[in-house]
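The values are calculated or read from the model by the stated rules, or taken from the named source; none is laboratory data. Just so you know, these numbers come straight off a predicted model, no measurement behind them. No Cβ is skipped: glycine too gets one built from the backbone with ideal geometry, and neighbour counts run over all protein chains shown.
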Amino acid sequence: MTPVARVPADVHSASGVSRRERTVPEEVAVAFSYDGGTHAVMMATPRDLEDLAVGFTLSESIVTAPAEIRDLAVVEEEAGIELRMWLAEARAEALRARRRHLAGPTGCGLCGIESLAEAMRTAPAVSKGPTLTGEEITAAIEALAPLQPLNHETRGAHAAAFWRRGEGIVLVREDVGRHNALDKLIGAMARGGVAAGDGMLVLTSRVSVEMVQKAATAGFPILVAVSVPTALAIRSTEAAGMTLAAIARSDGFEVFTHPGRITAGAMADVA
C-alpha cells in the first residue's frame, strides 16, 4: 500500500469551476496483534509500519525494550494491515492480564480504554536532560518543515521529530494521526538505539495528555510543539518533570513547564 493517493476534485474559485487532481494522504486500518490476539485497531498512514509497531508497543508499556518483541510481521490483508507480534513470555503473560481492545478513528489515542484510571495514568518522570537555548529551539522548528515530504505532497500529515545538539534533526516520522507519528518516531529511535534523553521532541500538532504520556514513557525531557497544549497536558508535563514549549514559531515560543532547561543565551552546556 502506498502512503498517498491522487484523486479528482472540482475546484470552485472566483474564475469559475475547474477540474484537477489532488494528492491526499492514504489511511488504512492497522491492527496490532500480540501472540495471536488483536489488541488495538486504528487508522494510520501505511508507511514505516515496523516503527509504528515497535513504538506503539513501547509507548503503551506493553514491553520495555524492543528485544522483548520476539518477532514482528507486517501482513497486508484485504481489509487493512495486521502488525503481528510475538512477545517474550513474561510480557505476553502480563499483557494477557491487562488485555484491552481499542478501536477508533484517525489519531484517537484513548478509544476503548476501559477505566478512567488507565486513561489518566501518571506519566513517568523524565531525566534531567540537556539545557537548550531559545535559538536552538526556533532553529529546530524552522528545520522541520523541509523534512516533511508527505505533508509537502498532501498538506495533510503530522510529524514528530527528534533533535540533538550538533546534529540537528536526527529522525522524522509522519502520519495522518499525530499519535501514530509519535509512535513511529519512538519505534525508529528504539530500533536504531537513539536515546531520547539527550535531545528534544518536536511535534507539528497540539499537545494532549496522551501525547505527554507517550513522550514521557519514551524518556523525552523536552517537548516542543507548534500548536497549543491542553491544560491537562500542562499539568502532566509539570508532574513528569518535562519541559513543555508550545505555540512555537520562527519568531518565538511559550514555555509552560520547567523553564530551567531553556536559556536566553546563544549556547548552553549539556547537563
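Filter region 237-249 down to the residues that are out of contact with any Pro (no Cβ under 8 Å at 6 or more places or on another chain) and closer than 20 Å to G199 by Cβ, then identify the one that is surrounded by the most Cβ atoms within 10 Å (Cβ to Cβ).
Here the residue is A245.
Checking the condition in a loop (DSSP other than H, G, I, E, B) and either buried (at least 24 other Cβ atoms within 10 Å of the Cβ) or at pLDDT 95 or above (or both), which residue from V194, V212 passes?
V194
Sort out which residues of region 172-191 are small (G, A, S) and crowded, with 24+ Cβ neighbours inside 10 Å, and write them in order of number.
G177, A181, G187
Counting just the residues of region 52-88 that are touching a Pro at 6+ places or on another chain (Cβ under 8 Å) and outside any strand (DSSP E or B), which one comes out farthest from A181 (Cα to Cα)?
Top of the filtered list is L58.
Counting only residues that are closer than 25 Å to W86 by Cα and hydroxyl-bearing (S, T, Y), which one in region 20-51 is surrounded by the most Cβ atoms within 10 Å (Cβ to Cβ)?
Among those residues, the one meeting the criterion is T45.
Does at least one position in region 29-39 carry a residue that is under 20 Å from L150 (Cβ atoms), in a strand (DSSP E or B) and in contact (Cβ under 8 Å) with a residue 12 or more places away in the chain?
Yes, the conditions are met somewhere in region 29-39.
Could you tell me whether L201 is surrounded by 23 or more Cβ atoms within 10 Å (Cβ to Cβ), within 22 Å of D251 (Cα to Cα), in contact with a Phe, Trp or Tyr (Cβ under 7 Å, 6 or more places away or on another chain) and not acidic (D, E)? Explain how you work it out, then say what you get.
On the way: surrounded by 23 or more Cβ atoms within 10 Å (Cβ to Cβ): yes; within 22 Å of D251 (Cα to Cα): yes; in contact with a Phe, Trp or Tyr (Cβ under 7 Å, 6 or more places away or on another chain): yes; not acidic (D, E): yes.
So L201 fits the description; yes.
Here are V7, V17, V63, V54: which of them is under 25 Å from G156 (Cβ atoms), surrounded by 14 or more Cβ atoms within 10 Å (Cβ to Cβ) and not small (G, A, S)?
On the way: V7 fails: surrounded by 14 or more Cβ atoms within 10 Å (Cβ to Cβ); V17 fails: surrounded by 14 or more Cβ atoms within 10 Å (Cβ to Cβ); V63 fails: under 25 Å from G156 (Cβ atoms).
Among V7, V17, V63, V54, only V54 is under 25 Å from G156 (Cβ atoms), surrounded by 14 or more Cβ atoms within 10 Å (Cβ to Cβ) and not small (G, A, S).
All but one of (1) modelled with pLDDT of 95 or more; (2) surrounded by fewer than 15 Cβ atoms within 10 Å (Cβ to Cβ) hold for L72; state the number of the condition that does not hold.
(2)
Could you grab the pairs with beta carbons closer than 7 Å, sequence gap of 6+ or different chains, first residue in region 216-227 and in the same structural domain as V255 (by TED's automatic domain parsing) and surrounded by fewer than 24 Cβ atoms within 10 Å (Cβ to Cβ), second one part of a loop (DSSP other than H, G, I, E, B) and basic (K, R)?
S227/R206
Yes/no per residue for (1) modelled with pLDDT of 95 or more; (2) under 17 Å from the mean Cα position of the chain (by Cα):
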site	(1), (2)
D10	no, no
R22	no, no
G37	no, no
V41	no, yes
A44	yes, yes
E50	yes, yes
L58	yes, yes
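Of everything in region 159-175, what is among the hydrophobic types (A, V, I, L, M, F, W, C) and more than 11 Å from the chain's Cα centre (by Cα)? Give them in sequence order. Working first, answer last.
Our first condition is that a residue be among the hydrophobic types (A, V, I, L, M, F, W, C); within region 159-175, this holds for 159-163, 169-172.
Those that are among the hydrophobic types (A, V, I, L, M, F, W, C) and more than 11 Å from the chain's Cα centre (by Cα): W163, I169, V170, L171.
What do you reckon, is S33 among the small types (G, A, S) and under 19 Å from the mean Cα position of the chain (by Cα)?
Considered against the rule, which asks whether it is among the small types (G, A, S) and under 19 Å from the mean Cα position of the chain (by Cα), S33 comes out as no.
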